[in-house]
Amino acid sequence: MEKNKGLGRGIDALFQEINETNTLKDESMIQEIPLDEIRPNPHQPRLHFDKVALQELSDSIKQSGVLQPIVLRASSVTGYEIVAGERRVRASKLAGKSTIPAIVRQLSEEEMIELAILENLQREDLTALEEAEAYSMMMEKLSLTQSEVAARLGKSRPHITNSLRLLKLPNQVKDMLNQEKISMGIARTLLGLKDKALIIPFAEQAVREDLTVRQLEKTVSRMNQEKISDSKIANKTIEKPNYIKASEGLLVEKLGTDVNIDNRNNGEGKIIIEYTSEDDLTRILEALDIILD
């Protein structure tokens, strides 16, 4: 998909138009649309709807009706797709309503994608994982880089990067984060484990023992140091060629941190660069001339 550099400004204008339309006294643009003809936005990144809040909204709709019309797009197949207002649709169904006031807009697929994402990013109850999924969807669906997503949303590049890292967590740990059994700080600390097989056991330990972020950081640091020591012992059993040793020395001098080159017999290998914190990682990336906006 070709990148549309001006799309963000168009979406902002559309948001303003929707907000203004929702407050118009002239109701000629508002239609009563059957709920059974309405489908969720296929690009909706929202994963969870608070049941208590949804019931409260449903009770309000039973008493006073839907105060603000939702926004729909006519589907290319049949019926309508939600542009804005999925909570109102769900609550109306829960309230036993058969129709809902709506405004139908003509939107492109690209506008639908970005509008769904931006609407969700404005929510106060957005979970950390939903935020990460939204950024990932913008990159995938709109062919954007992390820097472009950051610029379009007014976020820093490190914020987008750190958010996307949460998607690397095992599903079991993601569920724990969504259910607020572990905090964001705990989740990020778990991502620092060098042995990824330990993430789930450590997450369970953090819940079981009610560990603070600081306590878990100490445990993770100790385990990582043990893994480094084991790796160094294993590497000492194989003498590295002089050019590999020299390359390690150059990298250590440039990056100011431990570097290990794991050289294999077939000429392939990997470079392991150690860092101690997110700030240290940023420093290393800058030393590698990887620009962080």
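The values are calculated or read from the model by the stated rules, or taken from the named source; none is laboratory data. Here the structure is a predicted model, which is why all the values come from computation and not from measurement. So basically every Cβ, Gly included, is an ideal-geometry build from the backbone, and we count neighbours across all protein chains shown.
If you check Gln106, Gln122, which single one turns out to be surrounded by fewer than 17 Cβ atoms within 10 Å (Cβ to Cβ) and touching a residue at least 24 places away in the same chain (Cβ under 8 Å)? I'd like the intermediate steps shown before the answer.
Working: Gln122 fails: touching a residue at least 24 places away in the same chain (Cβ under 8 Å).
That would be Gln106, the only listed residue that is surrounded by fewer than 17 Cβ atoms within 10 Å (Cβ to Cβ) and touching a residue at least 24 places away in the same chain (Cβ under 8 Å).
Which one is surrounded by the fewest Cβ atoms within 10 Å (Cβ to Cβ) among residues in the stretch 20-52 that are modelled with pLDDT of 70 or more, part of a helix (DSSP H, G or I) and not acidic (Asp, Glu)?
Filtering first and then ranking leaves Val52.
In the stretch 68-126, how many are closer than 24 Å to Asn178 by Cα and charged (D, E, K, R)? Write out each step before concluding.
Within the stretch 68-126, the subset closer than 24 Å to Asn178 by Cα is 84-91, 94, 113-126.
Remaining after also requiring charged (D, E, K, R): 86-88, 90, 114, 119, 123-125.
Total meeting the criteria: 9.
Hey, does the stretch 192-207 have a residue that's hydrophobic (A, V, I, L, M, F, W, C) and more than 19 Å from Arg222 (Cβ to Cβ)? Quick ask: steps written out before the conclusion?
From the stretch 192-207, those hydrophobic (A, V, I, L, M, F, W, C) are 193, 197-200, 202-203, 206-207; that's our starting set.
From the residues that got through so far, the ones that are more than 19 Å from Arg222 (Cβ to Cβ) too are 207.
For the stretch 192-207, residues hydrophobic (A, V, I, L, M, F, W, C) and more than 19 Å from Arg222 (Cβ to Cβ): present.
One line per residue, one yes/no per condition, for (1) touching a Leu at 6+ places or on another chain (Cβ under 9 Å); (2) over 25 Å from Ile200 (Cα atoms); (3) at pLDDT below 80; (4) hydrophobic (A, V, I, L, M, F, W, C):
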site	(1), (2), (3), (4)
Ser231	no, no, yes, no
Glu248	no, yes, no, no
Arg264	no, yes, yes, no
Leu292	yes, yes, yes, yes
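Only residues that are closer than 19 Å to Ser277 by Cβ and not in a helix (DSSP H, G or I): list them for the stretch 170-194, please. Walk me through how you get there before you give the answer.
At the first step, the residues of the stretch 170-194 found to be closer than 19 Å to Ser277 by Cβ are 183-194.
Once the filter is applied, which keeps residues that are closer than 19 Å to Ser277 by Cβ and not in a helix (DSSP H, G or I), the stretch 170-194 yields Ser183, Gly192, Leu193, Lys194.
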